[in-house]
Amino acid sequence: MTSSTPAMPLPTRRRMSSYARKDLRIAVFLILPAALAIFIVMIVPLGFALVASTFQYSLGQEDKAVFVFLDNYAKFFADPVALRSLLNTVIFTVLSLALCMTIGVGISVLLKSLAPRTGNVFRAIFAMPVLISPIIVSLIWRYMYDPTYGLIYYVLGLVGLQDFGGLTDSATALFSIVVTDVWHAVPFIILVSSAGLTVIPEELYEAARIDGAGAARTLFSVTLPLLVKTLVVLILIRGTDAFRVFDLIYGLTGGGPANSTSSLSIYAYKQAYENNQMGFAMAVAVITLIGLVILFGPLMRNSARGRDD
């Protein structure tokens with residue numbers, strides 16, 4: 001005698017309620033303008049740059065463009081000046097980012113230990129440089145680096161370092177620009193990291209003091225671990241900004257002397273508007289974007305994954 005088992009009912013597909021459909025339509029209606037703006041402002045120019053980088057043409061003579069496929073990219077990696085610009089950009093980004101994060105976070109931690117009113121006064125004073133545009137900052141510091149009348153050389157002369165090359169020596173020009181960039185960018189780090197410190201509960205510091213933890217142990221065991229998400233955001237913002245640096249270098253040295261301070265942005269600008277090679281300049285811009293993705297893409301992915309967790 002055979003027994004037949006009753007067939008399991010097929011799962012019925014849940015229907016979306018009218019309220020859910022209405023909410024979905026509202027969400028699409030609200031997101032559509034932003035998505036359209038992103039497509040027009042970001043995706044379309046990026047697509048144009050990718051296509052234009054495979055052509056060789058001059059500004060105003062687009063009708064005479066010649067398709068060269070990847071020759072512009074091969075030309076970039078065969079040009080010593082281009083490779084020097086890439087190296088300068090990486091060195092500038094690493095040095096500026098490391099100094100900005102170290103100094104900015106350190107100052108914000110010190111300001112937190114002061115009385116609230118005193119700390120706010122110092123934060124307002126430190127925030128002043130960030131209000132100045134980079135091109136004005138470059139003009140200010142170009143006069144400060146003047147070997148005859150500059151404040152930098154006056155101070156260095158007091159300690160016997162008046163022979164410092166500054167912006168006129170290829171060995172010191174890039175580091176001099178890094179100092180200027182740090183002066184301009186550190187206030188932003190201070191403001192953002194100070195805001196991040198305000199959300200750390202005071203009870204944790206009280207517990208650390210009860211356990212006998214010193215300032216260094218409290219910093220590395222309490223402050224920095226709880227500030228890590230803010231630090232990741234700061235690294236992304238400051239790092240990508242430093243990698244795309246243009247106006248600061250253009251105002252201080254223009255990429256000289258002897259291309260010792262030329263960045264990818266400076267190099268692309270010269271190829272486009274001095275050598276009139278627009279297709280090649282577009283290829284440099286795409287390489288700059290690829291460099292940004294390589295350097296900061298993993299950090300963005302890990303940040304998004306940590307936020308989802």
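Just the residues that are closer than 18 Å to ALA171 by Cβ and of a type in the set (Val, Ile, Thr), please, taken from the range 68-88.
VAL81
Can you name the condition, by its number, that ALA35 falls short on among (1) exposed (fewer than 15 other Cβ atoms within 10 Å of the Cβ); (2) out of contact with any helix residue (DSSP H, G or I) (no Cβ under 8 Å at 6 or more places or on another chain); (3) among the aliphatic types (A, V, I, L, M); (4) closer than 30 Å to LEU174 by Cβ?
Evaluating ALA35 over (1) exposed (fewer than 15 other Cβ atoms within 10 Å of the Cβ); (2) out of contact with any helix residue (DSSP H, G or I) (no Cβ under 8 Å at 6 or more places or on another chain); (3) among the aliphatic types (A, V, I, L, M); (4) closer than 30 Å to LEU174 by Cβ leaves (4) as the failure.
Filter the range 198-222 for residues that are assigned to a helix (DSSP H, G or I) and among the hydroxyl-bearing types (Ser, Thr, Tyr); which is farthest from the chain's Cα centre (by Cα)?
Taking the candidates together, the pick is TYR205.
Looking at (1) touching a Pro at 6+ places or on another chain (Cβ under 7 Å); (2) closer than 30 Å to LEU224 by Cα, can you tell me which one SER113 breaks?
Every condition holds for SER113 apart from (1).
Taking the range 241-278, which residues are surrounded by fewer than 17 Cβ atoms within 10 Å (Cβ to Cβ), in a helix (DSSP H, G or I) and of a type outside the set (Phe, Trp, Tyr)?
Across the range 241-278, the qualifying residue is only ASP247.
Restricting the search to the range 54-102, which residues are β-branched (Val, Ile, Thr), farther than 30 Å from ALA185 by Cα and surrounded by fewer than 18 Cβ atoms within 10 Å (Cβ to Cβ)?
The answer is VAL66, and nothing else.
What helices (runs of 4 or more DSSP H), lying completely within the range 14-127, carry at least 2 residues that are aromatic (Phe, Trp, Tyr)?
Passing ranges, in order: 18-38, 71-78, 116-126.
Laboratory data are not the source of any read-out in this text; all were calculated from the coordinates shown. This is a predicted model, so every value here is computed, not measured. Don't worry about glycine lacking a Cβ; one is built from the backbone with ideal geometry, like all the others, and counts go over all protein chains shown.
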